[in-house]
Amino acid sequence: MAKLILTLDGVVLKEFALTKERTTIGRKAHNDVQIDNLAVSGEHAAIVTILNDSFLEDLGSTNGTLVNGQPIKKHFLQNGDLVEIGKYKVKYVNEQGAGTSAADFEKTMVLRAPQRPAEPRVGDTQTGVKTDFRSTQVDTQFNNTGQQAISRPIPPQAPTTPPMATNPAPAAGAGPMTTLTTAPGVPPAAAMQGVIQILSGPNAGRELPLVKALTTLGKPGVQVAVITKRPQGYFITHVEGATVPVVNGQPLNAQAHILNDHDIVELAGVKMEFFYKPVA
Amino acid sequence: MNLAKALEIASATHTGMVRSHNEDAIAADGGVGLAVLADGMGGYNAGEVASGIAVALITSEMRQAIPKTNLHALSQEEGDLQAVRMLKGVVTKTNTSIFESANSQPQYAGMGTTLVVALFRDNRVSVAHIGDSRLYRMRNERLDQVTRDHSLLQEQIDSGMLSKEAARRSQNKNLVTRALGIEPEVEPEIHTYDAQPGDIYLLCSDGLNDMVEDEDIELTLNAMGSNLPLAANQLVQMANDNGGRDNISVILVKIVRDFPATDTWLSRVLSWFK
């Protein structure tokens, strides 16, 4: 369950659990989170909570709402976000997002919106995600036995180390590096990067940094190999063609082959070297 | 008509790195041009039971029905209706079967499954889906998501509440708004698209697309499209490398050549000798 921690000058004033679909913040007494200060508007902001996600919205307040120092109109709250309203600070805590509490199991549920305009049956709840941000409402769905309709528990966090990491390459010495390669702005944990340098042929001397999850080498229709970037290091795999790549004089078999620093790869008549390079 | 020569199919399914059971079920039959994938939900082994029933029943029903239903003798529009009607009928039957099992056996109470079915015929693919299992299409080196999830997150994206990027940070990833076997009736979403030689179709469970970015799926199919079994295994491996929090299943179907409906009596006679 997500909660808000209201502080002033570093002193915790109160905690609020986000149990309601809509939690209001403001100076007036009817707000769920009342802050009796003239810098705070009567109806200052609202937090809409849909199951495990919460969205903050400034209600056109006079002095505005900041999240992590930035003024916002609407904001999808993330665990640890610091909301500033006047001199008051409100911290948003959603432990499930931190993935630390093993007791919190994610459950897959079915949300059922009555398709027919017929009157809702007893026990029916509605999944009304409307375009209007303020009127969004979702209730969890229970079937008529009172039991949760569907649940598939997912242990909250990924395993710390892939079990296959028995032969870590230099780049993966620190355990699983960031493998969500497309996550923007996330620097890879490992400071080393694999590079292929062409040693022979017209492109001799050219360097090919292996930044993507997969890098294709060779000519389609003739001979193709792929180098995959994995938590354990870089692997080369034969994809197509009658001839297979040769690594340090040994032809590859059908299995992916891990590349070690300064391995020599021969592919479609071209010699190349694999090596690790410190990331700038 | 046997499509085995027009379609190349590879598949892989894996429990993942976290779960103890594989609740996904898959089946593919190149001969009749059918691929089925289901991701089961429910306590103990009920999820496996639900997805298992779905895949087994749909595969056997359609294997029987497709050769008997003379889709090719009809005009294309009617042929479409026929294929769509067949998918609808078999999904309805499967829904009833799972729903009744769930209601008659207490250990299976509340079980259900997502579903994605692709039926290839006459240079077309008809796809039926329920829940958050997906069909993607790779064409001209570009990956497109063909199905739209029946999930809370998709509804939030559609309503403009969440951007696709923000959706990846949501804590509500595992909420589907439709599933097979949960209610006495279900409405599958069915659409028909043109299929072209060179296309690669990917059916997958959310264990793949929650763990692997679309961009990397595209990269994989571009790099390994000429070796489908390798590509299928690579996709599973990437999901596992990224944490493998859920079961991962993929079916890849590559259109090797045209498969137009042969609607003359001569071609039907000839097809007996193939």
Item to check | Chain-alone versus full-assembly comparison, region B:160-185, residues with accessible loss of at least 40 Å² (1.4 Å probe) | outcome: B:MET161, B:ARG169, B:GLN171, B:ASN172, B:ASN174, B:LEU175, B:VAL176, B:THR177, B:ILE182, B:GLU183
Checklist entry - What's the FRET efficiency of B:LYS93 with A:LYS73 using the Cβ-Cβ distance as r and R₀ = 60 Å, to the nearest 0.05? => result 0.75
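Chain pair B, A: how much accessible area is buried, both chains summed, with a 1.4 Å probe, in Å² to 100? Let's see the in-between values first.
Details: alone 13170 and 16780 Å², together 25370 Å².
Result for this pair: about 4600 Å² buried.
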Checklist entry - In what sequence, highest mean first, do B:162-171, A:234-243, B:199-208 appear when ranked by Cβ atoms within 10 angstrom? => result B:199-208, A:234-243, B:162-171
Next on the checklist: Once R0 is set to 30 Å, what does the formula 1/(1 + (r/R0)^6) return for the Cβ-Cβ distance between B:ASN123 and B:GLU185, expressed as a FRET efficiency to the nearest 0.05?
Outcome noted: 0.40
Next on the checklist: If you roll a 1.4 angstrom probe over the protein chains with everything in place, what fraction of the accessible area of region A:182-280 belongs to carbon and sulfur, to the nearest %?
Outcome noted: 58
Checklist outcome for this item: Under the 7 Å Cα-to-Cβ spin-label approximation, A:VAL244 and A:LEU8 lie apart by a distance in nanometres of 7.4
Next on the checklist: Quick check: with the 1.4 Å probe, what order do B:PHE99, A:PHE274 take by accessible area, largest first?
Outcome noted: B:PHE99, A:PHE274
Next on the checklist: Probe radius 1.4 Å, ligands and nucleic acids left out: which of B:SER159, B:SER11 has the largest accessible area, and how do the rest follow?
Outcome noted: B:SER11, B:SER159
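Rolling a 1.4 Å sphere over the protein heavy atoms, what is the accessible area per residue of region B:206-262, to the nearest Å²?
Computed with neighbouring chains in place, this is 26 Å² per residue.
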Item to check | Using a Förster distance of 30 Å, the FRET efficiency for B:TYR193-A:VAL211 (Cβ separation, nearest 0.05) | outcome: 0.35
Checklist outcome for this item: Across B:36-43, the residue-averaged tally of Cβ atoms belonging to other chains within 10 Å stands at 3
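Within chain B, what whole-number % of the accessible surface is contributed by carbon and sulfur, with the 1.4 Å probe and all protein chains included in the calculation?
Whole-percent figure for carbon plus sulfur exposure: 49.
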Checklist entry - Which value at 222 nm does chain B reach when only helices count, each DSSP H run of 4 or more adding -39,500 (n - 2.57), with the total divided by all residues and rounded to the nearest 500 deg cm²/dmol? => result -11500 deg cm²/dmol
Checklist entry - A:LYS91 versus A:GLU15, label points 7 Å from Cα toward the beta carbon: distance in nm? => result 1.1
Item to check | Residues of region B:40-181: accessible area per residue with a 1.4 Å probe, Å² | outcome: 39
Checklist outcome for this item: Inter-chain shielding metric for B:241-253, i.e. average beta-carbon neighbours from other chains within 10 angstrom, reads 3
Checklist entry - On average, how many beta carbons from a partner chain sit within 10 Å of the beta carbon of a residue in B:17-26? => result 2
Item to check | Rounded Å value of the spacing that divides the Cα centres of region B:128-205 and region B:206-226 | outcome: 15
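The values are calculated or read from the model by the stated rules, or taken from the named source; none is laboratory data. The structure displayed is predicted, hence computed values, not measured ones. When we count neighbours, we look across all protein chains shown, and the Cβ atoms used for this are built from the backbone with ideal geometry, even at glycine. Ligands, DNA and RNA are excluded from the accessible area calculation, which covers all protein heavy atoms including side chains. Shrake-Rupley method; radii C 1.70, N 1.55, O 1.52, S 1.80 Å.
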